[in-house]
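The values are calculated or read from the model by the stated rules, or taken from the named source; none is laboratory data. Computed from a predicted structure; not experimentally measured. All Cβ positions, even for glycine, are placed from backbone atoms using ideal geometry, and neighbour counts span all protein chains on display.
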Amino acid sequence: MDNRMLQAKSSIQLASPRVRQMIFSFCVLLFLVMITIPAIGRAQTPQQSKPAGANPIPEPAIPAILTAFDKYEVVGLPAAHGFKDADDFILTLIRTPAFSEKVNDIAVECGNSLYQPVLDRYMAGEDVPFAEARKAWRNTSQFMCSTSAFFEQLFPLVRAINQKIPPGKHLRVLACDPPLDWDQVKSLADFPKGFDRDISAATVMEKEVLSKHRKALMLFGIYHLTHAADPKNPSAVSIYEKDHPNLTFVVSDLGTFDTDSPALSNSPFVSWPIPSFARAKGTWLSALDLSQFLPPGLSIDSDCNVRIVISKSTQRPMEEFVDAFLYFGPQDLRLKEQMPADVASDTDFMTELQRREAMSGFSMIVTLKEFNQRILNSAENPLLAFKQADTKAIAKRCLERKAQSSTPK
């Protein structure tokens with residue numbers, strides 16, 4: 001599971017509902033920065049509530065995923081939400097020679113579909129400047145996409161792979177975020193109407209993959225990939241599965257589960273190879289509720305009222321949501337992804353991100369100097385933390401940032 005709170009689809013109430021999904025990550029990024037505040041652990045240990053079911057059986061991860069393409073047209077993996085181990089695994093997977101023999105497309109959450117023609121030419125090896133190509137992932141609706149080290153590597157890597165395989169085997173990267181021209185967005189009123197990221201992704205998958213019976217790897221946050229999503233807030237996969245059932249195989253990591261074991265030897269996965277793949281159905285692991293793999297949702301309204309939200313949709317067995325799990329080593333020793341230097345040091349781009357983010361009303365980048373210091377401070381701890389922050393502290397910080405961002409410069 002991806003960066004837990006970026007993934008959680010919280011019920012954030014903002015002045016303009018049509019842009020709620022777009023600015024969600026901006027609001028929740030406030031929470032992620034607040035993890036330096038004294039926090040309450042949310043992890044679950046297997047010893048606390050281990051239901052009935054068979055033991056999951058670990059398999060070599062890359063061969064298992066490649067084999068899944070023999071039966072399914074789409075395999076979904078969580079990617080690019082701060083979990084470095086998962087992202088590094090994906091980069092290894094797509095470099096495996098057998099991958100391009102089985103897969104036609106890589107569909108990404110972090111891709112602005114406005115730039116699909118540019119992206120196609122870039123992936124085909126045409127003379128497209130990198131500064132032009134990277135608009136496809138830097139100019140999406142999501143802050144985490146714009147600052148992702150994973151996507152700064154993924155797109156150039158796929159281009160390089162294509163240069164080493166026959167044209168008929170070239171991998172196509174599909175940008176699944178709705179088209180958005182940030183040059184035309186000067187205020188909230190300028191955001192496109194009906195902006196829905198999951199509907200956009202489902203539409204791209206139906207048009208470019210499923211209707212053509214191509215094979216695709218989907219790289220999204222896990223909530224966009226789940227089978228049995230909340231009907232009021234459906235995932236991309238659950239939307240297109242209404243017309244294309246049983247064609248998608250969804251793989252998740254283990255989220256917050258087993259992140260508080262007192263010793264490495266206490267983990268139920270201590271004997272598993274790293275990385276490992278395990279099928280979900282019928283196992284005690286898949287019988288656990290989704291809520292045991294994710295922190296509860298975080299709701300922040302436009303007045304900075306903060307509350308913890310535990311959705312009923314998360315209180316169902318994991319096997320209703322996913323088909324398999326990936327294990328990347330001890331759960332509380334996983335690595336977080338750092339912001340790449342070429343992004344953080346690009347003053348013009350960071351200033352533009354500051355402009356975009358300020359529209360949400362929850363400005364994270366009050367000053368670039370302060371933001372850069374937070375990046376430097378985060379380097380002190382390389383581990384990916386799964387903790388629930390103090391809601392009062394979050395609300396206080398939200399109010400402070402609103403006041404600072406509204407102060408005339």
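Can you tell me which residues in the stretch 193-250 are in a loop (DSSP other than H, G, I, E, B), at pLDDT 95 or above, among the hydrophobic types (A, V, I, L, M, F, W, C) and surrounded by fewer than 21 Cβ atoms within 10 Å (Cβ to Cβ)?
247
Among the residues that make up the stretch 343-357, is at least one of them modelled with pLDDT under 90, within 20 Å of residue 222 (Cβ to Cβ) and outside any strand (DSSP E or B)?
Of all residues in the stretch 343-357, those modelled with pLDDT under 90 come to 357.
From the residues that got through so far, the ones that are within 20 Å of residue 222 (Cβ to Cβ) too are none.
No.
Determine if the stretch 261-281 includes at least one residue that is within 17 Å of the chain's Cα centre (by Cα) and at pLDDT below 95.
Pass one, the stretch 261-281, residues within 17 Å of the chain's Cα centre (by Cα): none.
Within the stretch 261-281, not a single residue is within 17 Å of the chain's Cα centre (by Cα) and at pLDDT below 95.
Regarding the stretch 122-135, can at least one residue be identified that is within 17 Å of residue 182 (Cα to Cα), among the charged types (D, E, K, R) and assigned to a helix (DSSP H, G or I)? Lay out the reasoning, then the answer.
Taking the stretch 122-135 and keeping what is within 17 Å of residue 182 (Cα to Cα), we get 131-135.
Filter once more, keeping what is among the charged types (D, E, K, R): 132, 134-135.
Among the residues that remain, those that are also assigned to a helix (DSSP H, G or I) are: 132, 135.
Looking through the stretch 122-135, at least one residue is within 17 Å of residue 182 (Cα to Cα), among the charged types (D, E, K, R) and assigned to a helix (DSSP H, G or I).
Mind checking which residues of the stretch 249-304 are among the aliphatic types (A, V, I, L, M), touching a Gly at 6+ places or on another chain (Cβ under 8 Å), closer than 22 Å to residue 82 by Cα and in contact (Cβ under 8 Å) with a residue 60 or more places away in the chain? Don't jump to the end; show me each part of the working.
So in the stretch 249-304, the residues among the aliphatic types (A, V, I, L, M) come out as 250-251, 254, 263-264, 270, 274, 278, 280, 285, 287-288, 290, 294, 298, 300.
Cutting the leftovers down to touching a Gly at 6+ places or on another chain (Cβ under 8 Å) gives us 250-251, 274, 285, 287, 294.
Subset that is closer than 22 Å to residue 82 by Cα: 250-251, 274, 294.
250, 251, 294, listed by residue number.
So if I check each of 183, 260, which one is over 22 Å from residue 65 (Cβ atoms) and outside any loop (DSSP other than H, G, I, E, B)? Show your work before the answer.
Details: 260 fails: outside any loop (DSSP other than H, G, I, E, B).
Every option except 183 fails the conditions.
Can you pull out the residues in the stretch 111-154 that are within 22 Å of residue 348 (Cβ to Cβ) and free of Cβ contacts under 8 Å to residues at least 12 places away in the same chain?
128, 129, 131
If you take the residues of the stretch 82-139 that are surrounded by 22 or more Cβ atoms within 10 Å (Cβ to Cβ) and small (Gly, Ala, Ser), which of them is farthest from the chain's Cα centre (by Cα)?
136
Conditions (1) modelled with pLDDT of 50 or more; (2) hydroxyl-bearing (Ser, Thr, Tyr); (3) closer than 17 Å to residue 269 by Cβ, marked per residue:
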{"residue": "33", "(1), (2), (3)": "no, no, no"}
{"residue": "38", "(1), (2), (3)": "no, no, no"}
{"residue": "48", "(1), (2), (3)": "no, no, yes"}
{"residue": "53", "(1), (2), (3)": "yes, no, yes"}
{"residue": "58", "(1), (2), (3)": "yes, no, yes"}
{"residue": "62", "(1), (2), (3)": "yes, no, no"}
{"residue": "66", "(1), (2), (3)": "yes, no, no"}
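Among the residues of the stretch 146-158, is any in contact with a Phe, Trp or Tyr (Cβ under 6 Å, 6 or more places away or on another chain) and within 19 Å of residue 80 (Cβ to Cβ)?
If we filter the stretch 146-158 for residues that are in contact with a Phe, Trp or Tyr (Cβ under 6 Å, 6 or more places away or on another chain), which is where we start, we get 151.
After this cut, where a residue has to be within 19 Å of residue 80 (Cβ to Cβ) as well, the list is 151.
Taking every residue of the stretch 146-158 in turn, at least one turns out to be in contact with a Phe, Trp or Tyr (Cβ under 6 Å, 6 or more places away or on another chain) and within 19 Å of residue 80 (Cβ to Cβ).
Yes or no, residue by residue, for (1) buried (at least 22 other Cβ atoms within 10 Å of the Cβ); (2) among the hydrophobic types (A, V, I, L, M, F, W, C); (3) under 15 Å from residue 58 (Cβ atoms); (4) in contact with a strand residue (DSSP E or B) (Cβ under 7 Å, 6 or more places away or on another chain):
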| site | (1), (2), (3), (4) |
| --- | --- |
| 278 | yes, yes, yes, yes |
| 283 | no, no, yes, yes |
| 289 | no, no, no, yes |
| 294 | yes, yes, no, no |
| 304 | no, yes, no, no |
| 309 | no, yes, no, yes |
| 315 | no, no, no, yes |
| 320 | no, no, no, no |
| 327 | yes, no, yes, yes |
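Yes/no matrix, rows are residues, columns are (1) among the β-branched types (Val, Ile, Thr); (2) outside any loop (DSSP other than H, G, I, E, B):
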| position | (1), (2) |
| --- | --- |
| 72 | no, no |
| 76 | no, yes |
| 85 | no, yes |
| 100 | no, yes |
| 106 | yes, yes |
| 110 | no, yes |
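If you take the residues of the stretch 317-366 that are among the acidic types (Asp, Glu) and under 30 Å from residue 89 (Cβ atoms), which of them is nearest to the chain's Cα centre (by Cα)? Spell out the reasoning first.
Our first condition is that a residue be among the acidic types (Asp, Glu); within the stretch 317-366, this holds for 319-320, 323, 332, 337, 342, 346, 348, 352, 357.
With the extra rule that they be under 30 Å from residue 89 (Cβ atoms), the set shrinks to 319-320, 323, 332, 337, 342, 346, 357.
Details: 319: 20, 320: 20, 323: 18, 332: 19, 337: 12, 342: 21, 346: 23, 357: 18 Å.
Going through the qualifying residues, I end up with 337.
Only residues that are touching a Lys or Arg at 6+ places or on another chain (Cβ under 7 Å) and either of a type in the set (A, V, I, L, M, F, W, C) or not in a strand (DSSP E or B) (or both): list them for the stretch 297-317, please.
Within the stretch 297-317, 304 is the sole residue that qualifies.
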